[in-house]
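Below is one structure; the comments refer to it alone.
No value in this document is a laboratory result; all are computed from the given coordinates. Source: prediction; values computed, not measured. Heads up, the Cβs are rebuilt from the backbone with ideal geometry, glycines too, and the neighbour counts pull from every protein chain shown.
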Amino acid sequence: MKSSEIITNNDGSIYHLSLKPGQFAKDIIFVGDPFRVDIVSKYLKNIEFTIQNREFKSVTGYYDEKRISVISTGIGGSNIDIVINELDILFNYDFSERKWKKNHTSLNFIRIGTSGSISEDIPVDSFLLSESALDLNSQLSSYDLKNYSSKNMSKIVLNNNQKLLCFKSSQDLFKKFDSNNIYKGLTATCNGFYNFQGRNTRIPLMTLIDFEDLNKLTHNGIIVTNLEMETAIIYGLSDFLGHQAVSLNAILANRVQKSYSENPTDVINSLIEYTLNRI
């Protein structure tokens, strides 16, 4: 493998994440904000290391005798593409031989993030578990999927005949984090926060998002329930690379009601505790 394709730093760490093989656990929590890594770290014992390069902050420690790692991904699908590919490299690439290992290691990715509901029935300050996720802006279309098939991947056809990829969460992880205290839904992943999610600023939008039309999109009988910027990319890349993934969302906004949480930090912290208690 040419060095320009899988780049390592002078200390032997992977290019963006600045991590070395062996530093990360197989159970990995994704958060967007580097400061949330510090929040999760407060619940961990025997922390092995903390490292940050750019927006990617990482820590490995123990929660109730279970070794877990936490990393901040930053915002959006482009960053997820970096994080998941480089974590896969850490576990499945031989740095000394410069080739892929014969024996594959599967990882568990658990996203703790924020999201906006587009359903009257899913209120602000609630939790939502993404049963499936829709790649609304076709961010994964740059990968050659002509010969790829998976029970976790399907396509939703829109009225204009555009086909969007939809991915299921890992069923084992979904069951682990499911409860009567969390909503379930189909998450639509967008490539941005303002124009891609139909937020009006001073720049006119070419196309407004119709939440009623989005609610009509279904996958296995589940309607689109919320918008965010990472989950479908996490699910898709995990499926391509043979990993498991699940996404838990703190619903901070309701776009239909045009409301926003009065205590977003408390909601996020509660979701962190909910997740750790089931990890």
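Values computed for the structure shown
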{"quantity": "Antiparallel content of DSSP bridges confined to segment 1-105, in %, to 5", "calculated": "80 percent"}
{"quantity": "Cross-link partners of Lys176 among lysines (Cα-Cα below 24 Å; sequence separation of 8 or more within a chain)", "calculated": "Lys26, Lys42, Lys45, Lys66, Lys151, Lys168, Lys184"}
{"quantity": "Relative contact order of the chain, defined on C-alpha pairs under 8 angstrom at six or more residues apart (%)", "calculated": "23 percent"}
{"quantity": "Within the chain, longest stretch clear of exposed GluC sites (Glu not before Pro) (DSSP loop, no more than 13 other Cβ within 10 Å)", "calculated": "121-261"}
{"quantity": "Relative contact order for segment 132-182, counting Cα pairs under 8 Å that sit 6 or more residues apart, in percent", "calculated": "41 percent"}
{"quantity": "Fraction of beta bridges assigned by DSSP in segment 100-208 that are antiparallel (%, nearest 5)", "calculated": "55 percent"}
{"quantity": "Hz values of 3J(HN,Hα) by residue in segment 171-188 - Karplus curve (6.51, -1.76, 1.60), Gly and Pro given as x", "calculated": "5, 5, 5, 4, 5, 5, 9, 6, 6, 6, 9, 9, 6, 10, x, 9, 8, 9"}
{"quantity": "Nonlocal amide H pairs with Glu48, under 5 Å, H built at 1.01 Å", "calculated": "Thr60, Gly61"}
{"quantity": "Residue exposure sequence - Arg54, Arg202 - by fewest surrounding Cβ within 10 Å", "calculated": "Arg202, Arg54"}
{"quantity": "Considering only the chain, percent of DSSP beta bridges that pair antiparallel, nearest 5", "calculated": "50 percent"}
{"quantity": "For the chain, the spread of Cα positions along each principal axis, largest first, Å", "calculated": "53, 43, 39"}
{"quantity": "Per-residue Cβ neighbour rank within 10 angstrom, fewest leading, Met206, Met153", "calculated": "Met206, Met153"}
{"quantity": "Cβ-based exposure ranking for Asp27, Asp121, Asp135, in which fewest neighbours within 10 Å come first", "calculated": "Asp121, Asp27, Asp135"}
{"quantity": "Separation in nanometres of the label points that stand 7 Å from Cα toward Cβ, at Asn10 and Ile223", "calculated": "5.8 nm"}
